[in-house]
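Quick note: the coordinates plus some simple rules give every number you see, no bench work behind them. Predicted model, so just to flag it, every value in this text is computed and none were measured. In this analysis, Cβ positions are derived from the backbone assuming ideal geometry, glycine residues included, and neighbour counts consider all displayed protein chains.
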Amino acid sequence: MLDMDASSIIEQAKLNACDYACRHLYDKYGDALVVGVGTGSTVKLLITKCRDFFTKRVLVPSSHDTLLHLVSLGLNTAVDPAGVDDIDLYIDGADEVSGKLDLVKGRGGAFLREKSLAVRSRVRMYVVDYTKYTGLNHIYVKPIPIEVVPVSVKYVIRKLQELGYGEPLLRMGTGKDGPVVSDNGNFIVDYRLLKPVEDPLSLHNTLKLVHGVIETGIFPSNLVDIVVVGEPAGVRVLGKNTGGRE
Ligand code: 5RP
């Protein structure tokens, strides 16, 4: 458990990241019409602090939680992701950011829809605090969330054990009995890595071949254009600013 000082330093770092990100949105993406919106506390803070940027744009939420947050702020221009083809700009948080800008996402269980938006976006920006950025050449710290068809969950867990990259654990709910059920009606298995992974895209591809696996929380660097890392006093901006599609 973090003491108050440590958690308020992290909150300040998040604020710094969101302040910078908001200015960057106005400076660089004022003409973005269709904006994909990720999930999590950092994205919520950014939307709240930078609310005016999000008005009069078509907003594509990645979760029920994000949709409800948008509506609570009077941002009523959200559309169903299924009806959208091109997205000008995607904004999200992350759980782990490597030095090569490979990401692990999915603590909030929204990674399937988050990735669905990221792959069809022209530019993808992630906003995190400094505790998420490792600067290392591998991913390792956070378990890889894996979205799984419920009927196949026993099989998937056995196969993940056999693959030997990590220890799989079915994610359980706290506000209900039984497993967490994603916005898509699936289960989530968290795969705690046994050793550092230097080629996350290759691991993602391996996991996707297991019957029953729908998506993983590995966002390889080709889905990342810019990462704003909030520090206790300032920000660090990483990435390539603009980029193509997957
Ligand atoms: C949700 C996610 C979030 O973006 C990630 O967990 C970061 O959340 P937070 O900003 O609350 O730390 O991947 O599925």
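The 3J(HN,Hα) values that the Karplus relation (6.51, -1.76, 1.60; θ = phi - 60°) gives for the range 107-115 are, in residue order, 3, x, x, 10, 5, 5, 5, 4, 5 Hz. Gly and Pro appear as x. Both radii were evaluated on the Cα set of the chain; the Rg over Rh quotient, with Rh as the Kirkwood radius, amounts to 0.95.
Report for the chain the percent antiparallel among DSSP-assigned beta bridges with both residues inside it, nearest 5. So the antiparallel bridges in the chain amount to around 55 percent. Summing charges over all other residues whose Cβ lies under 15 Å from the Cβ of Leu73, with Lys and Arg as +1 and Asp and Glu as -1, gives +3.
Taking a ≥ b ≥ c as the square roots of the Cα gyration tensor eigenvalues, the range 144-217 comes out prolate, since a/c reaches at least 1.5 and a/b is larger than b/c. Couplings for the range 151-168, taken from phi via the Karplus curve 6.51 cos²θ - 1.76 cosθ + 1.60 with θ = phi - 60°, read 5, 9, 5, 5, 4, 4, 4, 4, 5, 5, 5, 5, 4, x, 7, x, 10, x Hz in order; Gly and Pro are left as x. Amide H contacts under 5 Å for Tyr133: Val97, restricted to partners 5 or more places along the chain or on a different chain, H placed in the peptide plane at 1.01 Å from N.
Near Leu170, once Lys and Arg are set to +1 and Asp and Glu to -1 for all other residues with Cβ below 11 Å from its Cβ, the sum equals +1.
Comparing Asp65, Asp177, Asp52 in a Gaussian network model of the chain (Cα springs below 10 Å), the most mobile by mean-square fluctuation is Asp177.
The modelled label-to-label distance for the pair His64/Val237, using points 7 Å beyond Cα in the direction of Cβ, is 3.7 nm. For the range 31-85, the alpha-carbon coordinates run over 27, 24, 17 Å along the three principal axes, in decreasing order.
Charge tally for Asp95 (other residues, Cβ to Cβ under 10 Å; Lys, Arg +1; Asp, Glu -1): +3.
Counting only lysines at least 8 places from Lys240 when in the same chain, those with an alpha carbon closer than 20 Å to its own are Lys28, Lys100, Lys105, Lys115, Lys132. Loop-located trypsin sites (Lys or Arg not before Pro) across the range 1-96 with a Cβ neighbour count of 10 or fewer within 10 Å are Lys56, with loop assigned by DSSP. Between Glu114, Glu162, Glu198, the Gaussian network model of the chain with springs among Cα atoms under 10 angstrom shows the greatest mean-square fluctuation at Glu162.
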